[in-house]
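Peer 1: Structure below; questions to follow.
The values are calculated or read from the model by the stated rules, or taken from the named source; none is laboratory data. These numbers come from a predicted model, not from an experiment. Because the Cβ atoms are built from the backbone with ideal geometry, glycine has one as well, and the counts that use them run over all protein chains shown. Remember, those area values only see protein heavy atoms, side chains included, never the ligands or the DNA or RNA. Shrake-Rupley method; radii C 1.70, N 1.55, O 1.52, S 1.80 Å.
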Amino acid sequence: MNYFNELKTLLDCSSAPYSGFNVASIVVTVDGKVYKGVNVESAAYPTTNCAERNALQTAITEGTKLGEIKEVHILARNAQKTLVQAYPCGSCRQVIAELSANDAMVFCYASATEIAEHSIAELLPHAFLGADL
Ligand code: THU
């Protein structure tokens, strides 16, 4: 399913007063539930939360279990208000890998029709997972 329109609307909920870089993410679970997240920046920069992890953590809050994330969709808009393709940061890749049992698909939208599609295993090879502990 294509989430471009929902992601574009969701960008307006992003709170990014410092970078001006808005990110919206929608995650889909194995049973078809959909959860949204946006980046929320902090004046103490490291306490900023990424859109992907906010969506993932909401999914967990609503009852999603480890391994049940199936898809992560991402759209970004830069400070010039141009839509741009963004890939998840390293921290988000780690969390996606853990919550999806390392088999989620990640969809990075450049526009409604140009969508880069990668497995999380491609984006985070040799992931360190809970099973390794
Ligand atoms: N950001 C995300 O929301 N997701 C990512 O995967 C990369 C970065 C946000 C964090 C910050 O608010 C802004 O983008 C610029 O780094």
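Peer 1: Out of 62, 68, report the one residue that is in contact with a helix residue (DSSP H, G or I) (Cβ under 8 Å, 6 or more places away or on another chain) and away from the ligand (no atom under 15 Å from the Cβ). If you could, list the steps in order and put the result at the bottom.
Peer 2: On the way: 62 fails: in contact with a helix residue (DSSP H, G or I) (Cβ under 8 Å, 6 or more places away or on another chain).
68 is the lone residue from the list that is in contact with a helix residue (DSSP H, G or I) (Cβ under 8 Å, 6 or more places away or on another chain) and away from the ligand (no atom under 15 Å from the Cβ).
Peer 1: Pairs, please: C-beta under 7 Å, at least 6 apart or cross-chain, first residue over 16 Å from residue 60 (Cβ atoms) and away from the ligand (no atom under 12 Å from the Cβ) and in segment 83-101, second assigned to a strand (DSSP E or B) and open to solvent by 20 Å² or more (accessible area, probe 1.4 Å)?
Peer 2: 83/77
Peer 1: Tally time: how many residues in segment 1-48 are in a loop (DSSP other than H, G, I, E, B), open to solvent by 50 Å² or more (accessible area, probe 1.4 Å) and among the β-branched types (Val, Ile, Thr)?
Peer 2: Residues in segment 1-48 being in a loop (DSSP other than H, G, I, E, B), open to solvent by 50 Å² or more (accessible area, probe 1.4 Å) and among the β-branched types (Val, Ile, Thr): 1 in total.
Peer 1: Let me ask another. Kindly evaluate residue 51 against the criterion of being of a type in the set (Gly, Ala, Ser), free of Cβ contacts under 8 Å to residues at least 40 places away in the same chain and open to solvent by 70 Å² or more (accessible area, probe 1.4 Å).
Peer 2: Details: of a type in the set (Gly, Ala, Ser): yes; free of Cβ contacts under 8 Å to residues at least 40 places away in the same chain: yes; open to solvent by 70 Å² or more (accessible area, probe 1.4 Å): no.
No; evaluated as a whole, the condition is false for this residue.
Peer 1: Only one of 115, 120 is at pLDDT 95 or above and either near the ligand (Cβ under 9 Å from one of its atoms) or open to solvent by less than 20 Å² (accessible area, probe 1.4 Å) (or both); which? So that I can check it myself, show each step before the final result.
Peer 2: Numbers: 115 fails: either near the ligand (Cβ under 9 Å from one of its atoms) or open to solvent by less than 20 Å² (accessible area, probe 1.4 Å) (or both).
From the options 115, 120, the qualifying one is 120.
Peer 1: Another question, then. Report, by residue number, each residue of segment 33-54 that is more than 11 Å from the ligand (Cβ to nearest atom) and in contact with a Ser or Thr (Cβ under 6 Å, 6 or more places away or on another chain).
Peer 2: 35
Peer 1: Which of the residues that make up segment 64-100 are open to solvent by 40 Å² or more (accessible area, probe 1.4 Å) and in a loop (DSSP other than H, G, I, E, B)?
Peer 2: 65, 66, 68, 79, 80, 81, 82, 85, 87, 89
Peer 1: Any residue that is over 14 Å from the mean Cα position of the chain (by Cα) and without any contact (Cβ under 8 Å) to a residue 40 or more places away in the chain - is there at least one of those in segment 24-31?
Peer 2: First pass over segment 24-31, keeping only residues over 14 Å from the mean Cα position of the chain (by Cα): 30-31.
If we keep only those that are without any contact (Cβ under 8 Å) to a residue 40 or more places away in the chain too, we end up with 31.
Within segment 24-31, one or more residues are over 14 Å from the mean Cα position of the chain (by Cα) and without any contact (Cβ under 8 Å) to a residue 40 or more places away in the chain.
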